[in-house]
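Asks: Attaching a single structure in structure tokens format; questions to follow.
The values are calculated or read from the model by the stated rules, or taken from the named source; none is laboratory data. The model shown is predicted, which means the values in this text are computed figures rather than measured ones. So basically every Cβ, Gly included, is an ideal-geometry build from the backbone, and we count neighbours across all protein chains shown.
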Amino acid sequence: MISLSGKELAAELRARTADRAATRKVRLAIVTVTDDPSSAWYVRSLSMAATKVGIQCEIVRDLSALSTLDADGVILQTPVPGDRPAAEVAAAIDPERDVDGANPVSLGRLACGLPAFPPATAEAVVRLLDHHGVEIAGRQAVVVGRSTVVGKPLAHLLLDRDATVTVAHSRTKDLAAVTLAADILVVAAGRPGLLRPEHVRPDTIVIDVGTNTTDDGGLVGDVHPAVAGRVAGLSPVPGGVGPVTTAVLLHHTAFGL
Ligand SMILES: NC(=O)c1ccc[n+]([C@@H]2O[C@H](COP(=O)([O-])OP(=O)(O)OC[C@H]3O[C@@H](n4cnc5c(N)ncnc54)[C@H](OP(=O)(O)O)[C@@H]3O)[C@@H](O)[C@H]2O)c1
């Protein structure tokens, strides 16, 4: 089994981003109004990652600034307060600066094959497959999860790369029947241990997008540990999609659309 680590790819993307940021001023704005500790941790680590590659990072605690910020990249940190869906709030972000593909216009453009920033995690999955030489065209790809930030945009990206795509979700009746058809299986459900040995074939490539914190402060994916060794390839958690996602966000910010 190959381990589809994201560390090398993330380092390559960071190096290219740093080269770019060395020749022109690049600015990232993160808009956050949540006190949620894991969000605060994420914002801090993203801001440090930006600084390391020479991108100036500003943290803005005012949602109404979303539409007026002129940074190269603007990110809306979720959750947002109240009942409004995050995608509706993100509609205020200029699509040219929407480096995490959060504005519904970005997803719509993506679906139509027009230039747009895909959500960084969805793009990270495709980049990780490419980096490890996994053929996408003509293969059966199954995405478990249909969120606006991961599953749906990823389905579009894989379709654009000529995969035959199936999307499963919590109402899928027989998950194993769907996942056993997968050459490429991406799990983005946020359910630790969801994907078990009975869901996979020995020749399947599995990308684990899940990031779930354990009671002792550790991080685990959505793939049960017993799956390791029973598939052709598996991305680790941590060290798989996560570092590539951060690197893609910064790469988007430095290079634009
Ligand atoms: N590595 C990274 O950089 C990164 C970035 C973003 C997210 N993540 C992680 O990826 C995971 C998914 O994130 P998200 O924002 O997409 O989560 P989300 O909005 O909660 O969506 C989860 C999706 O999984 C589906 N699902 C839940 N339980 C299921 C089950 N038992 N069987 C099949 N499908 C099931 C849900 O189906 P329904 O639609 O029917 O409810 C939903 O579509 C989380 O662990 C998150 O932390 C990682």
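Asks: Give all pairs with beta carbons closer than 7 Å in which a residue from region 175-193 that is among the β-branched types (Val, Ile, Thr) meets a residue that is surrounded by 22 or more Cβ atoms within 10 Å (Cβ to Cβ) and in a helix (DSSP H, G or I); count only pairs at least 6 apart in sequence or on separate chains.
Replies: Short answer, once both residue conditions are applied: 179/199; 184/129; 186/125; 186/154.
Residue by residue, here is whether (1) within 12 Å of the ligand (Cβ to nearest atom); (2) among the polar types (S, T, N, Q) holds:
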{"residue": "153", "(1), (2)": "yes, no"}
{"residue": "170", "(1), (2)": "yes, yes"}
{"residue": "179", "(1), (2)": "yes, yes"}
{"residue": "186", "(1), (2)": "yes, no"}
{"residue": "189", "(1), (2)": "yes, no"}
{"residue": "201", "(1), (2)": "no, no"}
{"residue": "204", "(1), (2)": "no, yes"}
{"residue": "207", "(1), (2)": "yes, no"}
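Asks: Also, I was wondering about something else. Would you check which residues across region 217-245 are of a type outside the set (Gly, Ala, Ser), within 17 Å of the chain's Cα centre (by Cα) and either surrounded by fewer than 24 Cβ atoms within 10 Å (Cβ to Cβ) or not in a helix (DSSP H, G or I) (or both) and list them?
Replies: Residues satisfying the conditions are 219, 220, 222, 223, 234, 236, 237, 238, 243.
Asks: Any idea which of 59, 93 is β-branched (Val, Ile, Thr) and either in a helix (DSSP H, G or I) or under 19 Å from the mean Cα position of the chain (by Cα) (or both)?
Replies: Only one candidate passes the filter, namely 93.
Asks: Do the conditions hold for residue 154, that is, is it assigned to a strand (DSSP E or B) and either surrounded by 22 or more Cβ atoms within 10 Å (Cβ to Cβ) or modelled with pLDDT under 95 (or both)?
Replies: Judged against the criteria, residue 154 is not a match.
Asks: Test each condition in (1) free of Cβ contacts under 8 Å to residues at least 12 places away in the same chain; (2) surrounded by 15 or more Cβ atoms within 10 Å (Cβ to Cβ) for residue 69 and report the one that comes out false.
Replies: So residue 69 meets the others, but not (1).
Asks: Next question, about the same structure. Is at least one residue of region 65-85 outside any loop (DSSP other than H, G, I, E, B), farther than 17 Å from residue 184 by Cβ and within 14 Å of the ligand (Cβ to nearest atom)?
Replies: yes
Asks: When residues of region 42-55 are filtered for being surrounded by 15 or more Cβ atoms within 10 Å (Cβ to Cβ) and without any contact (Cβ under 8 Å) to a residue 60 or more places away in the chain, how many remain?
Replies: The qualifying residues number 4.
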